[in-house]
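All of the numbers you see were taken from the coordinates with simple rules; none came from a lab. Computed from a predicted model, the values in this text were never measured in an experiment. Glycine gets a Cβ as well: all are built from the backbone with ideal geometry, and neighbour counts include every protein chain shown.
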Amino acid sequence: MAVPSNLDIAQKASLKPIEDVAGAMGLGSHLLEPYGRNVMKISLDAIEELADRPRAKYVVVSAITPTPLGEGKTTTTVGLGQGLTRIGKPAVVAIRQASMGPALGIKGGAAGGGYSQVLPMEKLNLHLTGDMHAVTAAHNQLAAMVDSHLFHGNQLGLDPDNITWRRVLDVNDRALRNIVIGLGGRADGVTRQTGFDITAASEVMATLALTTGLDDLRSRLGRIVVGYTHDGEPVTAEALRAAGVMTVLLREAIKPNLLQTCENTPALVHCGPFGNIATGNSSVVADLIALHAGEFVVTEAGFGADMGAERFFNIKCRTSGQAPDAGVVVATVRALKAHSGKYRIVAGRPLPPELFDENPDDVATGAANLRKQIDNMRLHGVSPVVAINAFPTDHRSEYRVIEEIAAEMGARCAVSTHFAEGGAGAAELAEAVAEAAAEPSQFRLLYPDEATLPEKIETIATKVYGADGVTYSPQAKASLETYRKAGFGQLPICMAKTHLSLSSDPTLKGAPTGWTLPVREVRASVGAGFVYPICGEMRTMPGLGSDPAAAHIDIDEHGQTVGLF
Ligand SMILES: Nc1ncnc2c1ncn2[C@@H]1O[C@H](COP(=O)(O)OP(=O)(O)O)[C@@H](O)[C@H]1O
Ligand SMILES: O=COP(=O)(O)O
Ligand SMILES: [Mg+2]
């Protein structure tokens, strides 16, 4: 029987009073702030108040390199959280809020799918409690203060041609990528070129995702570098007297949002997605609360294990000091077939019909990517569990290929039908994850703080992506030298690279070899606490397709939302 649409399931689901969901986590009402129906914010006091309770097992959900459709990481995160709860291991799910860019663009929402969703999905995929808008406001307030400083005499000596701080908006709008501001008369500001990034790519978002509390947020925001003087000295948000107001604009946004799944499992939703141009993980503070509010925390890391999971390990866990107990690699038959190079999956276009023919050989051909992503978990000492996210068009013989490869690689594996069956469909996966998480943690970071920036970049490129080496543009080389001199050398790396390939070329599928990683630009996100190499043709402001989801979203005759997915 066909599964109803995500929206149908979401609109018909029976939600528990959110106070009861909070109660199941052991959160007292004094820690809770209702935001309308079915959503609450949690005070950060909960971190300290819950700290003495037993620590949960910490599970990160990643994936093989996805097709543009996404392979079900968020859906599996939710399904696994429901599955663990069903087998008597109460779990808390921790995911990111959707960006309206992809939600109204090609990809769709980020609340999961089928009977494994976080609800209310309409709130999660649109405004939720306004955190995205708060990040946008704080980011653009700083941008306005930069340009106002230029207008009022530039006392700090900012080089107008070396201002790295752009503006952001939570909309896919290619027309804003490169703009000229300050046009008009003398009173209209200083004319210069700049542009917009999507809000999820803002350093303010990454700072919010990595901070451990309000004081830490205030000092991180102060360290944000907006540009450099003519002699290469960094100019900070603190110097522009902007960090205080930015902190005030974010004082509600720093609190994680509590929602629930289709099966009333607690779900914390906090911070933004994009594991290719941002850190792509939910917040440290949400995990610190969740880690003492149940037996398992299941959190997602954007895109494939080379992207979100690498950042989860080497940026998020480095910052929080937490160590994961298991890592799930979501695999789908369709994506492994695509990795064989014989099928082209384009978002917004019908899937090639031959994709649904039984073809275990093509699954085997594309499985090089699965092997590498399992390796990427092992590289960090994390016990991998392969979750085969079952689609109705799959064949048993194709699962057998994946199971055999997982067995060969010593990884546990389970077919999971959580999309169609909710937590009951993830019971086997939950058992496998519980076993993996029971093993002593061998977690290790990929590189030490004291490695140089080029060493860190080369380590990720060669060990995680499988590159032979790295090439740098002259601009990238100069930036790395500037950052070394400025004392940023101890920071970890957040690599902006395509999520559609292990390499920097989105058309190279499987596990490409014989290539080098081209670093064309390097930015420093000193507030968030990482250096940000941009590899190949990466855009930090997506554009809308010719037939975006937005064109199919409406209000029906009953006033119900339609078309959101
Ligand atoms: N097993 C499945 N069967 C059918 N559709 C699925 C399945 N898993 C996920 N989906 C759908 O695929 C899309 C991507 O799923 P999602 O969990 O958002 O992937 P990711 O988080 O990896 O990007 C969503 O629209 C979701 O509803
Ligand atoms: O950051 C990207 O997230 P998904 O992989 O869930 O689309
Ligand atoms: Mg997702």
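So what is the relative contact order of the stretch 316-403, in percent, for Cα pairs below 8 Å that sit 6 or more residues apart?
On the way: 100 pairs, mean separation 37.5, N = 88.
This gives 43 percent for the stretch 316-403.
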Legend entry - Beta bridge orientation in the stretch 112-227: antiparallel %, DSSP, nearest 5: 65
Inset, instruction - Can you put His558, His152, His418 in order of Cβ neighbours within 10 angstrom, beginning with the fewest? - result: His558, His152, His418
Legend entry - Percent of beta bridges antiparallel (DSSP, the chain, rounded to nearest 5): 45
Inset, instruction - Round to the nearest 10 and give me the degree value, 0 to 90, for the angle of helix 73-86's Cα axis relative to the longest principal axis of the chain. - result: 50
Inset, instruction - Express in % the proportion of alpha carbon pairs of the stretch 1-160 at distances exceeding 21 Å. - result: 60
Inset, instruction - Give the long-range amide H neighbours of Ile493: residues separated by 5 or more places, or on another chain, with amide H under 5 Å away, using H modelled in the peptide plane at 1.01 Å from N. - result: Val531
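Taking square-rooted eigenvalues a ≥ b ≥ c of the alpha carbon gyration tensor, is the stretch 26-75 rounded, prolate or oblate, where a/c under 1.5 means rounded and, failing that, a/b exceeding b/c means prolate? Before the final figure, lay out each step's value.
Values: a/c = 4.24, a/b = 1.70, b/c = 2.49.
The shape class here is oblate.
May I ask for the net charge around Ala424, where only other residues with Cβ less than 14 Å from the Cβ of Ala424 are counted and Lys, Arg are +1 while Asp, Glu are -1? Mind dumping the intermediate values first?
Values: positive: Arg86; negative: Glu263, Glu421, Glu428, Glu431.
Overall, the nearby charge balance is -3.
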Legend entry - Proxy reagent accessibility, fewest Cβ within 10 Å first, across His552, His149: His552, His149
Legend entry - Calculated [θ] (222 nm, deg cm²/dmol) that DSSP helices of n ≥ 4 give over the chain, each run adding -39,500 (n - 2.57): -8500 deg cm²/dmol
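Quick check: net charge around Gly112, other residues with Cβ under 12 Å of its Cβ, Lys/Arg +1 and Asp/Glu -1? Intermediate results must be reported in sequence, preceding the final value.
On the way: positive: Lys73, Arg96; negative: Glu263, Glu300.
Summing Lys and Arg as +1 and Asp and Glu as -1 gives 0.
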Legend entry - Residue order, fewest to most surrounding Cβ atoms within 10 angstrom, among Ile553, Ile457, Ile179: Ile179, Ile553, Ile457
Inset, instruction - Can you bin the stretch 138-275 into rounded, prolate or oblate? Criterion: square roots of the alpha carbon gyration tensor eigenvalues sorted a ≥ b ≥ c, rounded for a/c under 1.5, prolate for a/b above b/c, oblate for the rest. - result: prolate
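Net charge within 15 Å of Gln155 by Cβ-Cβ distance, Lys/Arg positive one each and Asp/Glu negative one each, not counting Gln155 itself?
Working: positive: Arg241; negative: Asp147, Asp159, Glu233, Glu238.
Net of charged neighbours comes to -3.
In debye, nearest 20, what is the charge dipole magnitude of the chain about its Cα centre with +1 on Lys and Arg Cβ and -1 on Asp and Glu Cβ, if you could check?
On the way: 50 positive and 61 negative charges, 156 e Å.
My answer is approximately 740 debye.
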Legend entry - Simple spin-label estimate for Gln490 and Asp468 in nanometres, 7 Å along Cα-Cβ: 3.7
